[in-house]
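The block underneath contains the structure these notes are about, expressed in structure tokens.
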Amino acid sequence: MAEKRKRKRKNKINSLIYVIIAVAALVIGLSRLDFLQNDSSPELENGNVAVHFVDVGQGSCTVVQSGNEGVLIDAGERENAAKVLSFLEENGITKLRYVIATHPHSDHIGAMAAVLERVGADEIFLPDIADKYAPTSKMYLNLLSTVDSKNIKAEFLSENRTVDFNGVKITVLAPVQQTNSYNNMSLITKLEFGDMTALLLGDAENKEINSVLKANQSFDFSAHIILLGHHGSNTSLNKKLMSLTKSDTAVISCGADNPYGHPSSEVVDYLNKNGLTYYRTDENGDISLITDGEKYNIITEKGQNS
């Protein structure tokens, strides 16, 4: 009988310990500036802004959202059109103010024509590519045709461009040098909302990054969160840029079991050694940063980076 009472007392003590640990973990979690939740459709309160990194497999698609308006930065392969359109609808985005086609590779703009055909946009930015390197793919020409038929204003950028999107300052850095490598003709985008900043590299590799850094020495490259270039390829790991961004969080847009080995082990090692928290669309699905301009939450569709 005494032994049974002793076991009951021990069980009560253990239960109490578990409760204390759970409460402490909750308090610590809520006190963090950024935290993870699993929620495929994050709600956006009035005045807040979201930066959604949409899972389009081995490609890239980012949606900046303010209310029911959005900015689309790339759209993944052609077969991702339904996913992107569904994502816009589920998040209540009925209007695209700006579209940024970082460069004319199919894993970035393949679905863009279909999205614009359905939703339209006010204006689209594309890199200004010299005639001798001009894309001639059916996909790219179809995009230009759709832009024309939908009366979307098109700007081919050879110089930096800054626009305002409902209080979000969007700076698009144009490529500095002409090349037949479309990765190195990528538009690089910085987003600023209050104190919150994000830097999106497209597929820019070290060649372009170095030239852009040299040409924009007075530009503030600091960013809380960075979308790594070229799906986490080591050819886009620029340590000078990383030191300038002072980022504490990185996002990698890549497909599960992709044949390119993205992200590279070198990039992952760099992130780990430098203490950056990072998220991957192949593991976390859609990744959304929600901010009021001061604090931010990061919400993932699935999983959690260790």
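The values are calculated or read from the model by the stated rules, or taken from the named source; none is laboratory data. It should be emphasised that the depicted structure is a prediction, and the values quoted were computed from it without experimental measurement. Remember, those area values only see protein heavy atoms, side chains included, never the ligands or the DNA or RNA. Shrake-Rupley method; radii C 1.70, N 1.55, O 1.52, S 1.80 Å.
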Once amide hydrogens are built 1.01 Å from N within the peptide plane, the residues lying 5 or more places from Thr197 or on another chain with amide H under 5 Å from its amide H are His224, Ile225
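If you count the DSSP beta bridges with both ends in region 36-122, what percent of them are antiparallel, to the nearest 5?
Values: 9 of 14 bridges.
The answer is about 65 percent antiparallel.
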Between Rg and the Kirkwood Rh of region 189-296, both from Cα atoms, what is the Rg to Rh ratio?
0.95
Ala154's amide H: which non-local residues (gap 5+, or another chain) put their own amide H closer than 5 Å, with H modeled 1.01 Å from N in plane and none for Pro or chain starts?
Ile124
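At a 1.4 Å probe radius, which order do Arg161, Arg280 fall into by accessible area, largest first? Please report the intermediate quantities before stating the final value.
Working: Arg161 65, Arg280 40 Å².
Greatest to least solvent exposure: Arg161, Arg280.
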Residue by residue through region 206-217, the couplings from Karplus 6.51 cos²θ - 1.76 cosθ + 1.60 with θ = phi - 60°, in Hz, x for Gly and Pro, are 4, 4, 6, 4, 4, 5, 5, 4, 5, 7, 10, 5
